[in-house]
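Values in this text are rule-based calculations from the coordinates and carry no lab data. From a predicted model like this one, the values you see are computed outputs, not experimental measurements. Cβ atoms come from the backbone with ideal geometry, glycine included; neighbour counts cover every protein chain shown.
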Amino acid sequence: DLVIVPENPRTVTPLQVDMNLGGGEPERMEYQWLRNENPIPGAIEPTLGKEHLRKGDFIAVTVRAKLPGGGGDEQTSDAVLIGNSQPKALFAGIEPVRPTSSEKLKARGVGDDPDNDDVTFTYQWIVNEEPLVGQNEQFLANNHFRRGDQVEVLVTPYDGEEFGMPLRSAPVFVSNSPPEIVSDPPAHMEDDTFRYAVQTEHID
């Protein structure tokens, strides 16, 4: 009996030979790992390191048991398919880090994929510990929060096949926004005197 473990391998885990021997204790064991039916140079140990694994490859191993006196046996395992590895989120953040109630927020994610696949992200915005239903885009408009709110975002990586574990950002706290001038000054002065009643608007 000769199999490769783990049963459903990915590029993040080395492969090992699992076998049951019969017919006496061998004098020597020899191994040759195969990738897509071709020998992998230097891969002659009972373990195959992660550096030899690529998504989509078929991996098998040939084992030769040398018995005392020159006899022996040779067997090649069934091939296993190296499957997709989940992406990982390395960083989740919100810009700007000191927002006001008049600004739009932007989520930012940084990820890594063991198979070198392109990583995209899905988002879940959270305000005052409550997820915002339907707010799953990278940007969050300022009508969803106000001064004093605590805002976070949950960033989940995706490699085109699988989602990785979500990562929660550090919170940002919404501060007061300055008032805005909404009136226009007059085009001409009266009696050489400039008079202008300024009108402002404050969204907080």
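Here each label is just a point 7 Å from Cα along the line to Cβ, and for Val3 and Arg146 those points are 6.2 nm apart. Around the amide H of Ile40, modelled in the peptide plane, lie the amide H atoms of Trp33, Leu34, Arg35, all under 5 Å away and 5 or more residues distant in sequence or on another chain.
Remark: spin-label model distance Met29-Ser175 equals 6.5 nm, labels positioned 7 Å along the Cα→Cβ axis. Mean sequence separation of contacting Cα pairs (under 8 Å, at least six apart), scaled by the length of the stretch 88-129, corresponds to a relative contact order of 37 percent.
Compared with the alpha-carbon gap, the fully stretched path from Asp18 to Gln138 is longer by 38.5 nm at 0.36 nm per residue.
For the stretch 32-145, relative contact order (Cα pairs under 8 Å, six or more residues apart, normalised by length) works out to 18 percent. Structural descriptor for the stretch 101-168: relative contact order 37 percent, calculated from alpha carbon pairs under 8 angstrom and at least 6 residues apart. Amide H to amide H, with H built 1.01 Å from N, Leu48 comes under 5 Å of Leu15, Gln16, counting only residues 5 or more places away or on other chains. Per-residue extension of 0.36 nm, minus the Cα-Cα distance of Thr62 and Asn36, leaves a gain of 8.1 nm for this segment.
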